[in-house]
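The values are calculated or read from the model by the stated rules, or taken from the named source; none is laboratory data. The structure displayed is predicted, hence computed values, not measured ones. All Cβ positions, glycine included, derive from the backbone under ideal geometry; neighbour counts span all protein chains shown. Heavy atoms of the whole protein, side chains included, go into the accessibility calculation; ligands, DNA and RNA do not. Shrake-Rupley method; radii C 1.70, N 1.55, O 1.52, S 1.80 Å.
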Amino acid sequence: FSSGDVVGALPLFERALAIRTRQWGPEHIDLAPLLANLSFCLGRLGRKAEALAASERALSIRMKALGPDHPNTGKAHHAVAIAARRNADLPRARAQFERAIAVARRTEGTPELYEPMVGLVEVLLELGEPREVERRAAEALPGCEALEGVRTTCAMLEFAWAQAIAPRDPAAALAKAESARRAARCIAASSSSC
């Protein structure tokens, strides 16, 4: 699976899920990671409705077993948001990204906060809410930039911010887009001197 063989991984996840469901029952917490991986594979293969159903099932299992404030429940909200976005259900994607962010806020400073933030600002752009994108990006970037290991996420936030302000301030948008591009180049070059 780590090699990117989604087509080959899908039947393995389906088989593992079937076996484990028979062994443990349909609501066992250990099914949630299998469902999350299954959702990822289905989504990558364009089977959007099935991906959404798998991610929703994983979320339901995690909510029942772990409660609404557990970090893994937040990750499940994130997965549902991604699947909802692929299904063009932008209001639902927005709500799920916001829930993932809310869960992650209690451990602010972790990458779990910033990854759903990128999804949220991208959905907000699609919904035509540039001011909200700008507000969210301005709020998130300082904390994001202070962390190691999330430079790609920071660049994506900055690029979304550039897109949001482009119609009213092209010069500032260009500067932000250029900054995001420089950061992406540094990441690609794996250079610590950037």
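Calculated from DSSP H runs of 4 or more alone, at -39500 (n - 2.57) each and per residue, what is the 222 nm mean residue ellipticity of the chain, nearest 500?
Numbers: 9 runs with 151 residues, N = 194.
Per the formula, -26000 deg cm²/dmol.
Kindly report the accessible area of region 1-94 per residue (heavy atoms of protein chains, probe 1.4 Å, no ligands, DNA or RNA), in Å².
So region 1-94 comes to 53 Å² accessible per residue, rounded to a whole number.
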> With a sphere of radius 14 Å drawn around the Cβ of LEU157, what net charge do the other residues whose Cβ falls strictly inside it have (Lys, Arg +1; Asp, Glu -1)?
Replying inline: -2
> Which net charge results for the neighbourhood of ALA95, defined as the other residues with beta-carbon distances under 12 angstrom from its beta-carbon, given Lys and Arg at +1 and Asp and Glu at -1?
Replying inline: +2
> When the dipole is taken about the Cα centre of the chain, and only Lys, Arg (+1) and Asp, Glu (-1) are charged at their Cβ, what size is it in debye, to the nearest 20?
Replying inline: 380 debye
>> Please state the shape class of region 80-194: rounded when a/c is under 1.5, otherwise prolate if a/b exceeds b/c and oblate if not, all from the C-alpha gyration tensor.
In response: oblate
> Using θ = phi - 60° and the Karplus curve 6.51 cos²θ - 1.76 cosθ + 1.60, what whole-Hz ³J(HN,Hα) does each residue of region 18-35 get, with Gly and Pro shown as x?
Replying inline: 4, 5, 5, 5, 5, 6, 9, x, x, 10, 5, 4, 6, 6, 4, x, 5, 5
>> On the principal axes of its Cα set, how long, how wide and how thick is region 135-183? Give whole Å, largest value first.
In response: 32, 22, 11
>> In region 5-128, if the dipole is taken from +1 on Lys/Arg beta carbons and -1 on Asp/Glu beta carbons about the Cα centre, which of ALA95, HIS77, LEU35 is farthest to the positive end?
In response: LEU35
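Taking all protein chains in place and a 1.4 Å probe, what share, in percent, of the accessible surface of region 69-194 do carbon and sulfur account for? Provide the component values of the computation, followed by the final result.
Working: 3410 of 6330 Å².
In region 69-194, the share of accessible area belonging to carbon and sulfur is 54 percent.
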> What order do you get for 7-14, 31-38 when each peptide is scored by the mean count of other beta carbon atoms within 10 Å, highest first?
Replying inline: 31-38, 7-14
> What is the extension gain from ALA188 to ASP69, computed as 0.36 nm multiplied by their sequence separation minus the C-alpha to C-alpha distance, in nm to one decimal?
Replying inline: 39.4 nm
>> Apply the a/c threshold of 1.5 to the C-alpha gyration tensor of the chain and tell me whether it is rounded, prolate or oblate.
In response: prolate
> Farthest toward the dipole's positive end in region 118-194, which of PRO130, GLY149, LEU120, given Cβ charges of +1 (Lys, Arg) and -1 (Asp, Glu) about the Cα centre?
Replying inline: GLY149
> Which lysines, on any chain, are close to LYS64 with Cα under 26 Å apart, when same-chain ones fewer than 8 places away are left out?
Replying inline: LYS48, LYS75
